[in-house]
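K.L.:
Dumping the structure here so I can ask a few things about it.
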């Protein structure tokens, strides 16, 4: 694995965690899971804990994809690429926010 690929995979894990912890799309499921008191509820509520298991899942997908032939190999990598590129775009936006033309939230 080359360095840029590792960076992309790291960004994918980070983005998956961000979607879980802050995304409106996951809000209902997150609320249902985090209401509990068991292992899964504690895991889902802890960004650091969840990132370990997300990384394990993403690494597993990568290892599996490396041992499959096309088109299965590419299909397994699509979610990682999408999440990684999305997180990269979000980081660029965060870093250039003061200079970008992104509309400001006025709170109204």
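The values are calculated or read from the model by the stated rules, or taken from the named source; none is laboratory data. Quantities reported herein were computed from a predicted structural model and do not represent experimental measurements. No Cβ is skipped: glycine too gets one built from the backbone with ideal geometry, and neighbour counts run over all protein chains shown.
K.L.:
Which of (1) over 20 Å from residue 14 (Cα atoms); (2) assigned to a helix (DSSP H, G or I) does residue 53 not meet, given it meets every other one?
P.N.:
Against the list (1) over 20 Å from residue 14 (Cα atoms); (2) assigned to a helix (DSSP H, G or I), residue 53 comes up short only on (1).
K.L.:
So, one more: Taking the condition in a helix (DSSP H, G or I), at pLDDT below 85 and in contact with a helix residue (DSSP H, G or I) (Cβ under 7 Å, 6 or more places away or on another chain), does residue 64 pass?
P.N.:
Numbers: in a helix (DSSP H, G or I): yes; at pLDDT below 85: yes; in contact with a helix residue (DSSP H, G or I) (Cβ under 7 Å, 6 or more places away or on another chain): yes.
Spelling it out, residue 64 is indeed in a helix (DSSP H, G or I), at pLDDT below 85 and in contact with a helix residue (DSSP H, G or I) (Cβ under 7 Å, 6 or more places away or on another chain).
K.L.:
Under the condition of being in a loop (DSSP other than H, G, I, E, B) and in contact with a helix residue (DSSP H, G or I) (Cβ under 9 Å, 6 or more places away or on another chain), which residue from the range 86-108 is modelled with the lowest pLDDT?
P.N.:
The selected residue is 102.
K.L.:
Has the range 1-10 got at least one residue that is modelled with pLDDT under 80 and either part of a loop (DSSP other than H, G, I, E, B) or exposed (fewer than 13 other Cβ atoms within 10 Å of the Cβ) (or both)? Let's see the steps before the verdict.
P.N.:
Here is the first cut: in the range 1-10, the residues modelled with pLDDT under 80 are 1.
If we keep only those that are either part of a loop (DSSP other than H, G, I, E, B) or exposed (fewer than 13 other Cβ atoms within 10 Å of the Cβ) (or both) as well, we get 1.
For the range 1-10, residues modelled with pLDDT under 80 and either part of a loop (DSSP other than H, G, I, E, B) or exposed (fewer than 13 other Cβ atoms within 10 Å of the Cβ) (or both): present.
K.L.:
Let me ask something else about it. Can you tell me which of (1) touching a residue at least 24 places away in the same chain (Cβ under 8 Å); (2) part of a loop (DSSP other than H, G, I, E, B) is the one residue 69 doesn't meet?
P.N.:
(1)
K.L.:
Residue 76 versus (1) surrounded by 13 or more Cβ atoms within 10 Å (Cβ to Cβ); (2) within 13 Å of the chain's Cα centre (by Cα): which is the lone unmet condition?
P.N.:
Going through the list (1) surrounded by 13 or more Cβ atoms within 10 Å (Cβ to Cβ); (2) within 13 Å of the chain's Cα centre (by Cα), residue 76 breaks only (2).
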